[in-house]
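Notes to accompany the following structure.
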Ligand SMILES: Nc1c(O)cccc1[N+](=O)[O-]
């Protein structure tokens with residue numbers, strides 16, 4: 001997979017050099033290109049914004065630098081992305097970013113991110129590239145950020161970990177919160193490791209029993225308990241298997 005990010009803060013994307021994404025890049029599973037939007041400005045102040053038509057607070061990112069930048073990236077081409085990239089626009093007015101959407105994005109060989117600053121990018125930029133590229137306007141949550149770069153980091157990590165070979169243990173996806181299957185829409189339950197006692201805190205006995213069926217049922221019950229407590233909105237969407245009574249007789 002190739003990822004391109006056009007931003008006025010390239011250094012904000014430095015975390016894409018470490019951990020899971022950094023390793024995927026080092027192993028050639030991810031080809032990341034970060035571009036400074038100001039490289040496509042032609043005035044001595046490297047201007048990327050201007051006042052909004054219709055008035056109002058703040059500034060709007062100008063069409064010209066974005067148009068030149070995106071045309072340059074598209075002209076670069078990518079052998080796996082014969083049809084060009086998918087344009088991913090992080091914005092509070094986008095569709096919610098979910099594990100399902102991460103899985104959908106992970107099927108595309110080339111993603112092009114356009115994180116905005118200020119009050120956003122002139123709408124005509126998205127309209128122009130929507131003429132030839134699939135566009136995903138995506139929100140990582142209902143809160144206000146100073147820009148979309150943090151969202152690029154979130155989306156990239158969620159997508160990258162779904163790419164073949166990126167996670168050491170392919171099974172790791174199976175028990176993820178929100179992973180497809182019986183655990184879909186369930187939050188992960190608590191996890192424990194050695195030592196068996198710590199400051200008077202022990203381990204749930206079932207986890208030491210070696211009875212895999214009972215352990216699996218306990219984990220599902222704990223996931224249901226945590227989901228009910230923290231995300232009741234998800235409960236009605238849980239896979240029926242999560243409530244399968246016959247398992248409880250195991
Ligand atoms: N929430 C937000 C924002 O305030 C600015 C850019 C992107 C996002 N978002 O992806 O959720």
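The values are calculated or read from the model by the stated rules, or taken from the named source; none is laboratory data. Just so it is clear, the model here is predicted, and its values are computed rather than measured. All Cβ positions, even for glycine, are placed from backbone atoms using ideal geometry, and neighbour counts span all protein chains on display.
Numerical summary
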{"read-out": "Subset of the range 154-163 that is outside any loop (DSSP other than H, G, I, E, B) and under 24 Å from residue 83 (Cβ atoms) - its residue that is nearest to the ligand (Cβ to nearest atom)", "value": "155"}
{"read-out": "So residue 74, is it surrounded by 17 or more Cβ atoms within 10 Å (Cβ to Cβ), away from the ligand (no atom under 16 Å from the Cβ) and within 30 Å of residue 221 (Cβ to Cβ)", "value": "no"}
{"read-out": "Any chance residue 15 is out of contact with any helix residue (DSSP H, G or I) (no Cβ under 9 Å at 6 or more places or on another chain), over 22 Å from residue 131 (Cβ atoms) and in the same structural domain as residue 129 (by TED's automatic domain parsing)", "value": "no"}
{"read-out": "From 127, 137, 119, residue being in the same structural domain as residue 57 (by TED's automatic domain parsing) and away from the ligand (no atom under 13 Å from the Cβ)", "value": "127"}
{"read-out": "Of all residues making up the range 77-99, the number that are away from the ligand (no atom under 15 Å from the Cβ) and either in contact with a helix residue (DSSP H, G or I) (Cβ under 8 Å, 6 or more places away or on another chain) or modelled with pLDDT of 95 or more (or both)", "value": "4"}
{"read-out": "The range 107-117, residues that are surrounded by fewer than 18 Cβ atoms within 10 Å (Cβ to Cβ) and touching a helix residue (DSSP H, G or I) at 6+ places or on another chain (Cβ under 6 Å)", "value": "none"}
